[in-house]
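A.B. asks: Below is a structure I'd like to ask you about.
The values are calculated or read from the model by the stated rules, or taken from the named source; none is laboratory data. As the structure is a computational prediction, the values presented were derived from the model and not from experiment. No Cβ is skipped: glycine too gets one built from the backbone with ideal geometry, and neighbour counts run over all protein chains shown. In case anyone asks, the SASA skips ligands and DNA or RNA and just uses the protein heavy atoms, side chains included. Shrake-Rupley method; radii C 1.70, N 1.55, O 1.52, S 1.80 Å.
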Amino acid sequence: MSKKFKRLSAVILAVVMMLGSTVMASAATMHIYIREWEQGTSSNTYLGTPKPISGITNPVVTVTGVDSNGTYKDALELAKSKKQLNVLWNKEAAEYLTTLSVPGYSNTNDGKNINPIYDEKGNMIHATWQGSSWMWYPGNDVTLEDTSSYPQTTLGGTKVPSANEFSIVLSYDTTHFDW
């Protein structure tokens, strides 16, 4: 009985060690960079350079223990649970980020018509739409000027990369257009 117990114990120990290393390998570290970007004119001329919130080389938040089978939204929720940041999601489409806050910085999606022109009946016939919203892209390049290269998926609909470390840029974008 003692030999069987020793063999069984060795097998159980090997399985536990294997499962433990699998769990460790599936946890990653995500670095979060934050920037602001503003469209300069209604003709899509981009003025100035993006303003990184915490410098180009330093992430604003580094969250450990990210599930490599999860989504970017899951990773942000993990950072929220660790009280590293606060996020709110769109009530109708929960994959879209509407508010992000870190100590000393906070922004929420918004939009409105500015400089309206009305006809004699009081109907708005012209204005400039100005709106701001949270966008995102993988990596750590906070100087990205080509806003057409954003992923065509949501934070809640995109799996994190299968890597031990990865980065994301959350970009608070303001756009304007005349109508």
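A.B. asks: Give me the percent of accessible area attributable to carbon and sulfur for region 85-144, probe 1.4 angstrom.
C.D. replies: Within region 85-144, the accessible surface is 51 percent carbon and sulfur.
A.B. asks: Among residues other than N86 whose Cβ falls under 13 Å from its Cβ, what is the net charge (Lys/Arg +1, Asp/Glu -1)?
C.D. replies: +2
A.B. asks: Sticking with this structure for a sec: Points 7 angstrom from Cα along the Cβ direction at I125 and K80: gap in nanometres?
C.D. replies: Reported label-point gap for I125 and K80 is 4.5 nm.
A.B. asks: Tell me, in nm to one decimal, what length is gained between L88 and W179 on full extension, where the rule is 0.36 nm per residue of separation less the Cα-Cα distance?
C.D. replies: In short, 29.7 nm is gained.
A.B. asks: May I ask you to list the aspartates and glutamates whose Cα is less than 16 Å away from that of K159, ignoring any residue fewer than eight positions away on the same chain?
C.D. replies: Filter leaves D67, D74, E77, E95.
A.B. asks: Note the full-extension length gain between I114 and A163 as 0.36 nm times their separation in residues minus their Cα-Cα distance, in nm to one decimal.
C.D. replies: Answer, rounded to one decimal: 13.2 nm.
A.B. asks: To check my understanding: the extent here is largest minus smallest coordinate of the Cα atoms along each principal axis. What are those three numbers for region 106-179, in Å, largest first?
C.D. replies: Dimensions of region 106-179 along the principal axes of its Cα atoms: 62, 24, 24 Å.
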